[in-house]
1. Output the number of residues of region 5-24 satisfying the condition of being part of a helix (DSSP H, G or I) and crowded, with 23+ Cβ neighbours inside 10 Å.
2. Output the residues belonging to region 231-254 that are outside any helix (DSSP H, G or I) and out of contact with any helix residue (DSSP H, G or I) (no Cβ under 6 Å at 6 or more places or on another chain).
3. Restricting attention to region 47-58, does a residue exist that is of a type in the set (A, V, I, L, M) and assigned to a helix (DSSP H, G or I)?
4. Going through region 36-76 one residue at a time, which ones are of a type in the set (Val, Ile, Thr) and under 24 Å from Ala183 (Cβ atoms)?
5. Can you pull out the residues in region 187-199 that are among the hydrophobic types (A, V, I, L, M, F, W, C) and crowded, with 20+ Cβ neighbours inside 10 Å?
6. Among Leu222, Leu247, Leu261, which is the only one that is among the aliphatic types (A, V, I, L, M), outside the structural domain of Met164 (by TED's automatic domain parsing) and more than 30 Å from Val154 (Cβ to Cβ)?
7. Scanning region 84-98 for residues that are surrounded by fewer than 22 Cβ atoms within 10 Å (Cβ to Cβ) and at pLDDT 95 or above, which turns out farthest from Leu172 (Cα to Cα)?
8. Just for region 208-231: of the residues that are out of contact with any Asp or Glu (no Cβ under 9 Å at 6 or more places or on another chain) and charged (D, E, K, R), which one is surrounded by the most Cβ atoms within 10 Å (Cβ to Cβ)?
Amino acid sequence: MNPLAATTAAVVVVYRLAAPVAPLVTQLQAAVGRVVVVDNSPYGHSSLPALANATVTVLHHRNVGALAGAYNAALAYLKANAPAMRHVLFVDEDSDASGLAAFLADARTQALLAQPDTAALAPAYRDRATGLRGKFIDLRRWRFRYLPREFGDVRAVAFVINSMSVWRLDALERIGRFDERLALDHVDTDACLRTRAAGLRVYVHGGHEFVHAIGQRRRFHLFGREMQAGGHPPPRRRLIGRNTVWLARRWAWREPAFAFLCLTRLAYEAVGIVLAEDDKAAKLGALVGGALGGLVAR
């Protein structure tokens, strides 16, 4: 195991346990030095304690603070019990970690994560349902642009999703705890914005990718462009609407282009619902209701 892998701890948050998590934990054990499984279900999954061993810890967190709370609990555990760890890898339970060892062994990965101004590095992700690569954003104070879906080099980006991103622990100490008021959606967006504010950078390595599911995405076309509808149910649409507007308010003074990006993302969500999803009225109503709530949320 290379030095980067040996000083990296993986954090897996399990909520619904839609599929057995043991194969993912086995993949992670072979690729990193420590694994922390956070059981975030209210009552606990009876199968998870059996995963614990010398390098795998299972924490029962009961969904306090939702996903953000689970991350904070895992980071607190690592700080207290695994001082040799220098990096943390966040992994969703439905992500494919089969390419993780190669990603961590890549010389470019190791060089970037050795730089003190790097906060995080992630492989590109490909959506499990649509087969499309996620789009990444170059954000400046007054403008933003989307990068091409397909690229093979390393690029500085504004945001990475948490799953399969490797963070320097000293960078996370610097930017502070994940915001539990956001609960689930845009927890990673907020962390990346605080990373930018701290003068640190996040990167995507397009030479590596992993398969991941965000919602139940569906392809659709608009004006000749291929797009993806999120597929989230109404309660998630309400949370997405609230958190998007809340973050736009919070960061508008410092990142005006991000505030405009939030408005375009809400419009994108609405268009996807109308053109590609069922239960349109309930989802649109939840999205709008959440956005209005975000205008007054503290």
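The values are calculated or read from the model by the stated rules, or taken from the named source; none is laboratory data. Keep in mind that this is a model prediction, so the values were computed, not measured. Neighbour counts run over all protein chains shown; Cβ positions are idealised from the backbone, glycine included.
1. So in region 5-24, the residues part of a helix (DSSP H, G or I) come out as 5-6, 22-24.
Still in the list and also crowded, with 23+ Cβ neighbours inside 10 Å: 24.
Final tally of qualifying residues: 1.
2. Step one: of region 231-254, the residues outside any helix (DSSP H, G or I) are 231-233, 252-254.
Residues satisfying the conditions are Gly231, His232, Pro233, Trp253, Arg254.
3. Taking every residue of region 47-58 in turn, at least one turns out to be of a type in the set (A, V, I, L, M) and assigned to a helix (DSSP H, G or I).
4. Of region 36-76, the ones of a type in the set (Val, Ile, Thr) are 36-38, 55-58, 64.
Passing the criteria: Val36, Val37, Val38, Thr57, Val58, Val64.
5. First, pick out the residues of region 187-199 that are among the hydrophobic types (A, V, I, L, M, F, W, C): 187, 191-193, 197-198.
Within region 187-199, Val187, Ala191, Cys192, Leu193 meet the criteria.
6. Details: Leu247 fails: more than 30 Å from Val154 (Cβ to Cβ); Leu261 fails: more than 30 Å from Val154 (Cβ to Cβ).
Answer to the selection: Leu222.
7. Ala84
8. Once the filter is applied, the top-ranked residue is Glu209.
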